[in-house]
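The block underneath contains the structure these notes are about, expressed in structure tokens.
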């Protein structure tokens, strides 16, 4: 994409998304459908109006970072620690179960052993974007649901980092044991560093200049992106750095003002994320991947709520709560897309296997969104009764 065409590209994306979003609202469809569809239409495998999807993907990644930062602002550190302890068994158990299901399905569909293993790894995770975007943030009686969902997603992020490290090791010169373990050792360093900087630097600046709203907005963005970059430098994910940047600020009274200020910015970048998901998908491979993708998507949608419900009941969560958390996590993840891209780029899997993972992700994003917005409270619910910000 030439530099001078970025404004025109944004015009196509947001005008097209606005038109399709209007149609989606009139026909009572979730807005995420409009964003993915406009990506498929305008992307290189559609009419080709926007060919450089890599740039859009990089830009849209900022939306995920802001999403995790805002999530952290709503999490008290003490509650987070308790929830992580409680959810560890559920996260590990569900990951192993879906690894086995994905591997078995991959073998059944005739993929190689390595491709089947990577398909299994892609099924282990649920979407941070879908899980959190559809979660009410301001309703007190849903706070426990939110803590459970967030705790599970964070633990899945740690597992995803380990999987990505294994995949990256095939491309990296540092294949030592320390090179693999270093990011996990870096996590407590990142957390302690974040807490100390907030206490001794960030909060002091906020208290001194709290009359200047523009400065608070600027400082919040700088803090979020700074921690995201620090996490990446340590071998962790930028999303994890942004989340702990938010958690470190959560005890401050200013946290809710920051959260409200950054929501429009987050939504801007998330539209680009879903656009890039649709634009990156090669429509020419649909004939080869349609059957395994649909069957895998059905398996994920049907089995994830059952598995999470069963495992959550083992830690004494009530049945209604366990079902709701299961349905909210009833899809695969943006990490699954990343696994597909990296594995295909390093020739660990073929294009067909990669697109099976991508198609399964898109289908489960869409179907699970329908399930949640028609049955549970969410910010984008169609029914006024279920709509909660």
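Computed from the coordinates by the stated procedures, all read-outs in this text should not be read as laboratory data. Treat the numbers as computed from the prediction; the structure is a model and nothing was measured. Backbone-built Cβ (ideal geometry, glycine too); neighbour counts: all protein chains shown.
Sorting 59-69, 354-364 by average packing, meaning the other beta carbons within 10 Å per residue, from highest down gives 354-364, 59-69.
For the chain, averaging the sequence separation of C-alpha pairs within contact (under 8 Å, six or more residues apart) and dividing by the residue count gives a relative contact order of 29 percent. Out of these labelled values of semi-axes √(5λ) of the Cα gyration tensor in Å, [x] 30, 25, 23; [y] 33, 22, 20; [z] 33, 26, 23, which was calculated from the coordinates shown here? Here the calculated entry is [x].
The stretch 225-303 and the stretch 306-366 have Cα centres lying 13 Å from one another. Only DSSP H runs of four or more residues enter the estimate; each adds -39500 (n - 2.57), and after division by the residues of the chain the mean residue ellipticity at 222 nm equals -25500 deg cm²/dmol. Here the stretch 107-125 is scanned for amide nitrogen atoms under 13 Å from the site 7 Å beyond the Cα of residue 291 along Cα-to-Cβ, giving 108-111.
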